[in-house]
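First comes the structure, then the notes that go with it.
The values are calculated or read from the model by the stated rules, or taken from the named source; none is laboratory data. Bear in mind that the values here come from a model prediction, so they are computed numbers and not experimental data. Neighbour counts run over all protein chains shown; Cβ positions are idealised from the backbone, glycine included.
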Amino acid sequence: AAPPGPPIYVDLAYLPGSWSARTVDEEFFRRVRSLCYVISGDDHLKEGVLRALLDALLAGKHQGGTDTQVTLIPTFDSLVMHEWYQETHDRQQELGITVLGSNSTVAMQDET
C-alpha cells in the first residue's frame, strides 16, 4: 500500500504494459491524476488485464471527481477496449472521460 498523501497531477501518463499493467488499479488512478492516459503496447499480456485496468480508471475517476476532463488514448486496436467502450459509454460521459479512437499515435519531441 502506498503511504497516504495528496494525489499527483500530470498532463500525460503512459500506463505500463506487459506484466506491469497488473499494478494499475483504482488506487493508481486516485493517486496519479492525468489529463491524458496513454494505453500502449498491443501484447497478449496486456489484453488479459485490460478490462480490469479500464474499470479501475472509471472507479478512480469517480473517487477523484468529475471536474476535470480526462482523455484516454489507446495506441492499439482491441476487442476488449471496444466492448468496454460500448458497455460503459454513459458512465464515461458522466465522469468526463473521452476515449480517442484506437490506433492513435502520440508524438513527443520528434518521437512517435
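Just a few scattered comments:
- Among (1) at pLDDT below 90; (2) surrounded by fewer than 18 Cβ atoms within 10 Å (Cβ to Cβ) - the single one residue 14 does not satisfy: (1)
- Each residue in the range 2-24 was checked for being part of a loop (DSSP other than H, G, I, E, B) and more than 24 Å from residue 77 (Cβ to Cβ), and 6 of them qualify.
- Leading residue by the ranking (modelled with the lowest pLDDT) among those in the range 29-50 that are in contact with a helix residue (DSSP H, G or I) (Cβ under 7 Å, 6 or more places away or on another chain) and part of a helix (DSSP H, G or I): 45
- Looking across the range 68-81, the residues that are outside any loop (DSSP other than H, G, I, E, B) and surrounded by 13 or more Cβ atoms within 10 Å (Cβ to Cβ) come down to 70, 71, 72, 73, 74, 80, 81.
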